[in-house]
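Q: Questions regarding the structure given below will be posed in turn.
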Amino acid sequence: MKYMKIFWGIRAILYKLFFKKFKFPSYIGKPCFILGSKKVSINEKVRIFPGIRIECHRNGEIIIEKNVSIGQNLHIISGGILKIGKNTTISGNVLITNIDHEYKKIGRHILEQDLLIKETIIGENSFIGFGAVIQAGTILGKQCIVGSNSVIRGIYPAYSVIVGNPGKIVKKYNTETNEWERT
């Protein structure tokens, strides 16, 4: 294990050269693809397992706050500011984006049409389940839980459990009773 941490340290030093910010001790496993690394900020104690795909298009920026754990095969796409709050855990095979594609020009390939940028923020202490899709325009409040394979878009208040496709709130934390309650 000691040798593994030394390897992580060396990799962190190298990444520091290519990212906007890369704070130690953070770790990124072997990435699949990175576009626009100079627009990505990784704060301290961020752990990213192998297979991440990061894309920053145009003015896109990605901010990952401290103590975030990300499972394998995260795909994250940004055309504006996309933020992942501190102490968040993201399971494997998750997609997070703040980009939609315009599609109104009939006969024109969708990738040749305009990008629609909508703010996407993952609140601190949140948990994103395996295979979830966080679409453009999603704002998760503090300590939200997104169920596995859920597809969400919209604004969700703090202390919510969101599941399904489309994502719906099924529980909220009641601060008066200190209990999670069905909605």
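Q: Applying 1/(1 + (r/R0)^6) with R0 = 41 Å to the Cβ-Cβ distance of Arg47 and Thr183, what FRET efficiency is obtained, to the nearest 0.05?
A: It comes to 0.80.
Q: Tell me the label-point distance for the pair Lys23, Glu102, using the 7 Å Cα-to-Cβ offset, in nm and rounded to one decimal.
A: 3.8
Q: Once all Cα-Cα distances of the stretch 40-86 are split into 10 Å bins that start at 0, what whole-number percent is in each one?
A: In order of increasing distance, the bins hold 29, 58, 13 percent.
Q: Output ³J(HN,Hα) for the stretch 28-37: one whole-Hz value per residue in order, computed from phi by the Karplus curve 6.51 cos²θ - 1.76 cosθ + 1.60 with θ = phi - 60°, and x for Gly and Pro.
A: 10, x, 3, x, 8, 6, 9, 10, x, 4
Q: Which ³J(HN,Hα) values, rounded to whole Hz and listed in residue order, are derived for the stretch 131-137 from phi using the Karplus coefficients 6.51, -1.76 and 1.60 in 6.51 cos²θ - 1.76 cosθ + 1.60 with θ = phi - 60°, glycine and proline given as x?
A: x, 6, 10, 9, 8, 4, x
Q: Here's another thing I want to ask about it. Tell me what the chain gives for mean residue ellipticity at 222 nm when only DSSP H runs of n ≥ 4 count, each as -39,500 (n - 2.57), the sum divided by the residue total, rounded to 500 deg cm²/dmol.
A: Calculated at 222 nm, the ellipticity per residue is -3000 deg cm²/dmol.
Q: To continue, here is another question. Expressed as a rounded percentage, what relative contact order does the stretch 42-183 have, with Cα pairs under 8 Å and six or more residues apart?
A: Relative contact order of the stretch 42-183: 15 percent.
Q: What number comes out for accessible area per residue over the chain if the probe is 1.4 Å? Units Å², please.
A: Here the per-residue accessible area is 55 Å².
Q: Okay, next question. Enumerate the amide H contacts of Glu119 below 5 Å, restricted to partners 5 or more residues apart or on another chain; note that Pro and chain-start residues carry no placed amide H.
A: Placed amide hydrogens put Gly137 under 5 Å from Glu119.
Q: Next question. How many percent of the alpha carbon pairs in the chain exceed a separation of 19 Å?
A: Numbers: 9741 of 16653 pairs.
Counting every Cα pair in the chain, those more than 19 Å apart make up 58 percent.
Q: Between His109 and Asn174, what is the label-point separation in nm under the 7 Å Cα-to-beta-carbon projection?
A: According to this spin-label approximation, the distance is 5.5 nm.
Q: How much of the accessible area of the chain, in percent, comes from carbon and sulfur atoms when a 1.4 Å probe is used?
A: 57
Q: Karplus couplings for the stretch 101-110 from phi (6.51 cos²θ - 1.76 cosθ + 1.60, θ = phi - 60°), rounded to Hz, Gly and Pro as x?
A: Rounded to whole hertz, the list is 9, 5, 9, 6, 7, 5, x, 10, 4, 4.
Q: Where both partners of a DSSP beta bridge lie in the chain, what percent of those bridges are antiparallel, to the nearest 5?
A: Counting only bridges with both partners in the chain, antiparallel ones make up about 20 percent.
Q: On to the next question. Under the √(5λ) rule applied to the eigenvalues of the Cα gyration tensor, what semi-axes describe the equivalent ellipsoid of the stretch 1-105? Give them in Å, descending.
A: That gives 25, 14, 12 Å for the three semi-axes.
Q: Quick one: of Lys45/Lys142; Lys20/Lys105; Lys118/Lys171; Lys16/Lys171, which pairs are farther than 31 Å apart, Cα to Cα?
A: Lys20/Lys105; Lys16/Lys171
Q: Same structure again: Tell me which residues come under 5 Å, amide H to amide H, from Tyr27 once H is placed; ignore anything under 5 positions away on its chain.
A: Correct list: Val46, Arg47, Ile48.
Q: Where does each of Trp180, Trp8 land when they are ordered by accessible area, with a 1.4 Å probe and the largest first? Before the final figure, lay out each step's value.
A: Values: Trp180 95, Trp8 75 Å².
Descending accessible area places them as Trp180, Trp8.
The values are calculated or read from the model by the stated rules, or taken from the named source; none is laboratory data. None of the values given here were measured: they were computed from a predicted structure. Every residue, glycine among them, receives a Cβ derived from its backbone with ideal geometry; neighbour counts consider all protein chains shown. In case anyone asks, the SASA skips ligands and DNA or RNA and just uses the protein heavy atoms, side chains included. Shrake-Rupley method; radii C 1.70, N 1.55, O 1.52, S 1.80 Å.
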